[in-house]
Every structure is written in structure tokens, then in C-alpha cells.
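> After the C-alpha cells below, expect a handful of questions from me.
Values quoted throughout were computed directly from the atomic coordinates according to the rules given, and no laboratory measurement underlies them. Please read all numbers here as calculations on a predicted model, not as lab measurements. When we count neighbours, we look across all protein chains shown, and the Cβ atoms used for this are built from the backbone with ideal geometry, even at glycine.
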Amino acid sequence: MSVPDTSVARTTRRGALGITLFWLALMGALYLGFDQVERRQQASYVAHEGSDGELVIPRGPDGHFRVAGRVNGQPVEFLIDTGASSVTVSEAFARAAGLEGGQSVTFQTANGTLPGRLLRNVPVQAAHLGLAGTTVAVGLVGEDSGQALLGQAFLSRFDIQILQGEMRLTPR
């Protein structure tokens, strides 16, 4: 009867453990590297103030322009909609922002008519640009109450230029 060589078994286990640790370290390094690349990419889509005080909004990977802002002091992510008449928010957002009252209206949308309300003289801010009195429509339908449309009630007060994947809003 032969006795198994424990030094061979021990060496085999150490080798397997070493290979496993090597691959885990390599996968971790790759994960961290790709995470950094994605963070830099996401940062390139963030709106910022240009050299002349204009708001520079990069086109997102989905082709839309988005900017962080506030409606009546409540944070929101705006989707720029040059075809929308008003700044438009959902009813849930309006409640959170303290937007009460207003004139009852029926909105004509691409998806048909929707009931809503219209408020005037609401403070709206897109990044560093703000207006003290803007028309805000309440009635946006969607899943995310933290999103809104930034329409002509705000945009018409700025010069708009779209060039090389960037939208620039310049105060008049």
C-alpha cells in the first residue's frame, strides 16, 4: 500500500488557489477600469455653464437633451422639448413642489387630449439659468415624477443654438 504524497496535493491546492486569486484580481481590475470609463462618459453628458454664461447641454446617448433643474424649488430632470408650449410636470411632482390651484385646461397631445391645469408665474431654473415667472402645465403622464418637459414658456426667453451635438441656451 502506498501513502499519497501530501506535498503534491498541497502544491496542487496552492496552484489552484493562486490561479483563482489571479483571475479574481484581473476581473476586479477590469471592472474598476470599465467603471471609470463609464463614469467619464456619463460626465460628458452633464450640462454646464459656457464661457459666455450660456448653458451648454450635450446631446445624450439617446439623442435627447437633458438638464437638471428646479420648478418652484423642487429638483427635476428636464427633457428639452422645443415643441412643447409650457414647462410641463406630472401631478405627483406638482404636489411635491407645492404647485396648487391654477386654471383647468385640456391639453392636445400627440396621444390625444389630457386634462390638466396651468399655473403662471412659477419660478423655473435649468442648471444656472432661471426665470422668476414661467407658465407651468400640470398633467404630464409618465412613470417618473422627477422628470419634466422644458418647453417654450422657458426656452423662448433664450437664444437657442444646436451645433455639433450640443444645445446652447444664451440669455438675451
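> Give me a count of the residues in the stretch 80-102 that are in a loop (DSSP other than H, G, I, E, B), at negative phi and either surrounded by 17 or more Cβ atoms within 10 Å (Cβ to Cβ) or in contact (Cβ under 8 Å) with a residue 12 or more places away in the chain (or both). Before you say what the answer is, go through the steps one by one.
Of all residues in the stretch 80-102, those in a loop (DSSP other than H, G, I, E, B) come to 81-86, 90, 97-102.
Filter once more, so that each one left must be at negative phi: 81-86, 90, 97, 99-100.
Within this subset, residues satisfying the condition of being either surrounded by 17 or more Cβ atoms within 10 Å (Cβ to Cβ) or in contact (Cβ under 8 Å) with a residue 12 or more places away in the chain (or both) are 81-86, 90, 97, 99.
Going through the stretch 80-102 one residue at a time, the tally reaches 9.
> Among the residues that make up the stretch 48-58, is at least one of them out of contact with any Asp or Glu (no Cβ under 7 Å at 6 or more places or on another chain), closer than 30 Å to L114 by Cβ and surrounded by 13 or more Cβ atoms within 10 Å (Cβ to Cβ)? Working first, answer last.
Start the filter on the stretch 48-58 by keeping residues that are out of contact with any Asp or Glu (no Cβ under 7 Å at 6 or more places or on another chain), which leaves 48-54.
Add one more test, that the residue is closer than 30 Å to L114 by Cβ, and what stays is none.
Looking for residues that are out of contact with any Asp or Glu (no Cβ under 7 Å at 6 or more places or on another chain), closer than 30 Å to L114 by Cβ and surrounded by 13 or more Cβ atoms within 10 Å (Cβ to Cβ), one finds none in the stretch 48-58, hence no.
> Moving on. Looking only at strands (runs of 3 or more DSSP E) that fall completely inside the stretch 125-172, which ones have 3 or more residues that are under 14 Å from A47 (Cβ atoms)?
Result: 158-163, 166-171.
> Please state which of the following conditions N121 fails to meet, knowing it meets all the rest: (1) outside any strand (DSSP E or B); (2) on the phi > 0 side of the Ramachandran plot; (3) in contact with a Gly (Cβ under 7 Å, 6 or more places away or on another chain).
Condition not satisfied by N121: (1).
> Now, a different point. I'm trying to understand the selection: among the residues of the stretch 29-79, which are in contact (Cβ under 8 Å) with a residue 24 or more places away in the chain, under 11 Å from the mean Cα position of the chain (by Cα) and not in a loop (DSSP other than H, G, I, E, B)?
Within the stretch 29-79, F65, V67, A68, G69, V76, E77, F78, L79 meet the criteria.
> Restricting attention to the stretch 153-170, and to residues there that are farther than 23 Å from A137 by Cβ and not hydroxyl-bearing (S, T, Y), which single residue is farthest from the chain's Cα centre (by Cα)? Step through it out loud before you land on a result.
Just the residues of the stretch 153-170 that are farther than 23 Å from A137 by Cβ, to begin with: 159, 161-166, 168, 170.
Among the residues that remain, those that are also not hydroxyl-bearing (S, T, Y) are: 159, 161-166, 168.
Working: D159: 23, Q161: 21, I162: 19, L163: 21, Q164: 20, G165: 16, E166: 15, R168: 17 Å.
So the residue we want is D159.
> Could you tell me whether the stretch 145-152 includes any residue that is farther than 15 Å from G83 by Cα, in contact with a strand residue (DSSP E or B) (Cβ under 6 Å, 6 or more places away or on another chain), exposed (fewer than 11 other Cβ atoms within 10 Å of the Cβ) and not charged (D, E, K, R)?
No, every residue in the stretch 145-152 fails to be farther than 15 Å from G83 by Cα, in contact with a strand residue (DSSP E or B) (Cβ under 6 Å, 6 or more places away or on another chain), exposed (fewer than 11 other Cβ atoms within 10 Å of the Cβ) and not charged (D, E, K, R).
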